[in-house]
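Peer 1: Got a structure here, written out as structure tokens. Questions coming.
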Amino acid sequence: MSTWNHNGKGDPGSRSARRNNGRQTDPMGVNRTGRSDRFDARGWRRIGEKLFVWACLAAVFIPLLMLACLLGDVIIDGIGRLSWGFLTSPPSRRAGSAGILTAMVGSLYLVGLTAALALPLGVGAAIYLEEYGRRGRLSSFIETNISNLAGVPSVIYGLLGLGIFVRALGMGRSLAAGACTLALLVLPIVIMASREALRTVPYALREASYALGVTRWRTIRSVVLPMALPGILTGAILSISRAMGETAPLIVVGALAYISFLPRGLDSPYSALPIQIFNWVSRPQQEFLDNAAAGIVVLMAVLLALNAVAILLRNRYQRRLD
Amino acid sequence: MTELAPQLLSVPSPSATPVEDRKASNGATLPSARIERPARREQMEESPKLTAEELSAWFGAKQVLQRVSLAIPANRVTAIIGPSGCGKSTLLRCFNRMHETVTGARATGKVRLDGQDIYARGVDPVLIRRQIGMVFQKPNPFPSMSIRDNVLSGLRLTGLLKRELAEGIMERALIQAALWEEVQDRLSEPGISLSGGQQQRLCIARALAVEPEVLLMDEPCSALDPIATARIEDLMHSLSDRYTIVIVTHNMQQAARVSDQTAFLLMGELVEFGATDQLFTSPHDVRTEDYITGKFG
Ligand SMILES: Nc1ncnc2c1ncn2[C@@H]1O[C@H](COP(=O)(O)OP(=O)(O)O)[C@@H](O)[C@H]1O
Ligand SMILES: [Mg+2]
């Protein structure tokens, strides 16, 4: 009886044939369970596959577990400090009455302004590069540089912001300077995500529109952009998260850790959640460390809320398209 | 020079072919830029809707159309046949200036719509495309739009839609495209929820809603099953009352079934252009004969 050696090594009739000995087989090579030996599911290939699946599962769960531990730790430390008072008080020298209001509002302003600056600029740049720009050496040069920019350490953006916005343009240590710096930081992310999104829109739809006598700009606005919106929103989500969590460039361009009033305008001094947390963490007293933990919980909550809104928006558009 | 003249009079195919009477039978094809035609022509035939004169086209450095000249009569179905890659689509796309939307693509020569050169300086290609509609090989309704919005998309995106006329225009276009019966109860459903054949008719309705004079169709049935194909072929026939139709097809039976005139294109050259019956039964050029008898392609 010939048996296929399906584990790919050894000579036929060695392992699989021997394994077959103990079992009753009918003349067609089909055993009593109705399974043909040719397609027997047991063997080394199968075990290897199982191992691989387990390894992949571990790769998923180990980071998730660590994240859960971290979050759990922070929540346990901070939960005692979380209260309405904590959310609505300005910072204070006494840990017990210190709150996160100015930092939180500062962060929201900052992120809102950053998005308002970076999204139109980034989407505009992506439209130009993708829809109008000619394919050529210049375009691939720009493309490489944009992806390089996305990998530049954020402190460098801070220094750039310090040089350009704070000093050269005379914005000082203002909300506007902070937002401009963050906008610069997230711009590559927005551009890359938007280009990717524009590229997914089939050329046939642009052609359909041109052939109806629709202008190029109107085609982009009414045919291409709506279809690319989910992808563009993904870029927006990423950039908002990034802007929300950045600390280093804000320290460089002069966000304040201690500020007792809300930002009153673009030229106002400001604080931000990560700055406030950083400040609290660097104090020796345990009370301030608890404040920091509570601040982290708030930061995570705000971030998740912002992301949830963006994801909901994206899914709404996606469903409309499918 | 005198020896050259007969060749210039005939289809612009410099390579000699043994067939003698080409130029006589191809009287319709000849608006050569260099040769003054006597007024006699006007009496012999109605003036053509669309003419190409010495039309050449390139993708980058690669020339894909070689000085094609032909005259497409109004309210007829004209078929363009030829082996794949011979430039059928390119020729069609030169007729409504879609060719130049591809980067690196260009064209020289003239294309006249009712006598007016659409490649002349100062002519807006966007306006030309509203007069000369196009249906593509693969049905391409806008995925984000309902059936209704798809039909009206051309007018809406060009800012020409008057709201009070919308329903009437949509219904008329769908009736003309023989789709109204099937979709009148589901106009708000997405256009891509339709079957392939219905989607193609939706695309035809979308093109018709802009009220073009000429309808260009690039292998409109090649992605469809035989029944859907038959419906589109019937449709072409009925539409030719009101529109001038040019259809590209690689299917010779289809060309024979639907068209009044047929042009045979080979490697960017117009080999033969004439009445469909004549071209399929007694072609004047050996290459045409070889092609329609299946010797190549
Ligand atoms: N976008 C393009 N870029 C470069 N070459 C092209 C492009 N489209 C078509 N071509 C070339 O032009 C020639 C004619 O193409 P086409 O008009 O599409 O032929 P057909 O429709 O008869 O099959 C082919 O050789 C094809 O390879
Ligand atoms: Mg083609």
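Peer 1: Among A:Arg93, A:Arg45, A:Arg195, determine the one that fluctuates most according to a GNM of chain A built with springs between C-alpha atoms less than 10 Å apart.
Peer 2: Fluctuation is largest for A:Arg45.
Peer 1: Rank A:Ala118, A:Ala301, A:Ala183 by mean-square fluctuation in a GNM of chain A with C-alpha springs under 10 angstrom and give only the top-ranked residue.
Peer 2: Per the Cα network of chain A with a 10 Å cutoff, A:Ala301 tops the list.
Peer 1: Follow-up. Quick one: putting +1 on the C-beta of Lys and Arg, -1 on the C-beta of Asp and Glu, what dipole do you get for segment A:258-321 around its Cα centre, in Debye to the nearest 20?
Peer 2: The dipole of segment A:258-321 has a size of about 580 debye.
Peer 1: How many nm separate the modelled label positions at A:Ala301 and A:Leu121, each set 7 Å beyond the Cα in the direction of the Cβ?
Peer 2: 3.2
Peer 1: Could you work out how far the C-alpha centroid of segment B:228-283 sits from that of segment B:173-214, in angstrom?
Peer 2: 23
Peer 1: Still on this structure, I have one more. May I ask you to give the percent of accessible area on chain A that is carbon plus sulfur, with a probe radius of 1.4 Å? Display every interim value, and only then the final one.
Peer 2: Values: 11800 of 17730 Å².
Answer for chain A is 67 percent, counting heavy atoms of protein chains only.
Peer 1: Hey, can you list the residues from segment B:153-194 whose accessible area shrinks by 30 Å² or more with all protein chains present, relative to the chain by itself (probe 1.4 Å, no ligands or nucleic acids)?
Peer 2: Residues of segment B:153-194 that lose at least 30 Å² of accessible area once the other chains are added: B:Leu157.
Peer 1: Could you give the nm distance between label points at B:Asn251 and B:Val286, where each point is 7 Å from its Cα heading toward the beta carbon?
Peer 2: Placing both labels 7 Å along Cα→Cβ, they lie 3.2 nm apart.
Peer 1: For chain A, set up a GNM with springs between Cα atoms under 10 Å and report which of A:Gly122, A:Gly133, A:Gly235 has the largest fluctuation.
Peer 2: A:Gly133
Peer 1: Say R0 is 60 Å: what FRET efficiency, to the nearest 0.05, do A:Leu313 and B:Asp277 get from their beta-carbon distance?
Peer 2: Computed FRET efficiency for A:Leu313 and B:Asp277: 0.50.
Peer 1: Oh, and also: Before we go on, tell me the buried accessible area for the B/A pair, both chains summed, 1.4 Å probe, in Å² to the nearest 100.
Peer 2: Interface between B and A: roughly 1800 Å².
Peer 1: Within 10 Å of each candidate Cβ there may be at most 16 other Cβ atoms; applying that plus a DSSP loop requirement, which GluC sites (Glu not before Pro) in segment B:39-147 survive? Don't skip to the end; give the middle numbers.
Peer 2: On the way: sites: B:Glu42, B:Glu45, B:Glu46, B:Glu53, B:Glu54, B:Glu100; in loops: B:Glu45, B:Glu46.
Sites meeting the loop and neighbour criteria: B:Glu45, B:Glu46.
Peer 1: Return the long-range amide H neighbours of B:Glu269 (sequence gap of 5 or more, or a different chain), with a cut-off of under 5 Å between placed amide H atoms.
Peer 2: Amide H to amide H, under 5 Å and 5 or more residues apart or across chains, B:Glu269 pairs with B:Gln66.
Peer 1: So for A:Phe61, B:Phe273, what's the accessible-area order with a 1.4 Å probe, most first?
Peer 2: Largest to smallest exposure gives the sequence A:Phe61, B:Phe273.
Peer 1: Roughly what would the spin-label model give for B:Glu167 and B:Ser238, points 7 Å off Cα along C-beta, in nm?
Peer 2: Spacing of the two 7 Å Cα→Cβ label points: 2.3 nm.
Peer 1: What is the gain in length, in nm to one decimal, between A:Arg167 and A:Glu143 on full extension, counting 0.36 nm per residue of separation less the C-alpha to C-alpha distance?
Peer 2: Roughly 5.7 nm would be gained on extension.
Peer 1: Efficiency by 1/(1 + (r/R0)^6): what FRET value for A:Ile156 and B:Arg186, r their Cβ-Cβ distance, R0 = 45 Å, to the nearest 0.05?
Peer 2: According to the calculation, E is roughly 0.20.
Peer 1: Here's a follow-up. So, with +1 on the Cβ of K and R and -1 on the Cβ of D and E, and no other charges, what is the size of the charge dipole of segment B:47-292 about its Cα centre, to the nearest 20 debye?
Peer 2: 780
Peer 1: Compute the distance from the alpha-carbon center of segment B:106-137 to that of segment B:90-105, in whole Å.
Peer 2: 10
Peer 1: Please list B:Cys94, A:Cys69 from largest to smallest accessible area, probe radius 1.4 Å, with all protein chains kept in place.
Peer 2: A:Cys69, B:Cys94
Peer 1: Within a Cβ distance under 13 Å of A:Ala292, other residues only, what is the Lys/Arg minus Asp/Glu net charge?
Peer 2: Working: positive: A:Arg81, A:Arg283; negative: A:Asp73, A:Asp77, A:Glu287, A:Asp290.
Net charge around A:Ala292: -2.
Peer 1: Rounded to the nearest 0.05, what FRET efficiency do A:Arg216 and B:Lys295 give with R0 = 41 Å and r taken as the Cβ-Cβ distance? Could you check?
Peer 2: 0.40
Peer 1: Which one of B:Ile204, B:Phe95, B:Thr78 has its Cα pushed farthest toward the positive end of the charge dipole of segment B:47-292, where Lys and Arg give +1 and Asp and Glu give -1 at the Cβ?
Peer 2: Of the candidates, B:Phe95 comes out farthest on the positive side.
Peer 1: Okay, next question. Take segment B:47-292, compute every pairwise Cα distance, and split them into 5 Å bins from 0; I just need the percent in each bin.
Peer 2: Spelled out bin by bin, segment B:47-292 gives 1, 7, 14, 18, 19, 16, 13, 7, 4, 1, 0, 0 percent.
The values are calculated or read from the model by the stated rules, or taken from the named source; none is laboratory data. The shown structure was predicted, so the numbers you read here are calculated from the model rather than taken from an experiment. Neighbour counts run over all protein chains shown; Cβ positions are idealised from the backbone, glycine included. Keep in mind that these areas ignore ligands, DNA and RNA; they rest on the heavy atoms of the full protein, side chains included. Shrake-Rupley method; radii C 1.70, N 1.55, O 1.52, S 1.80 Å.
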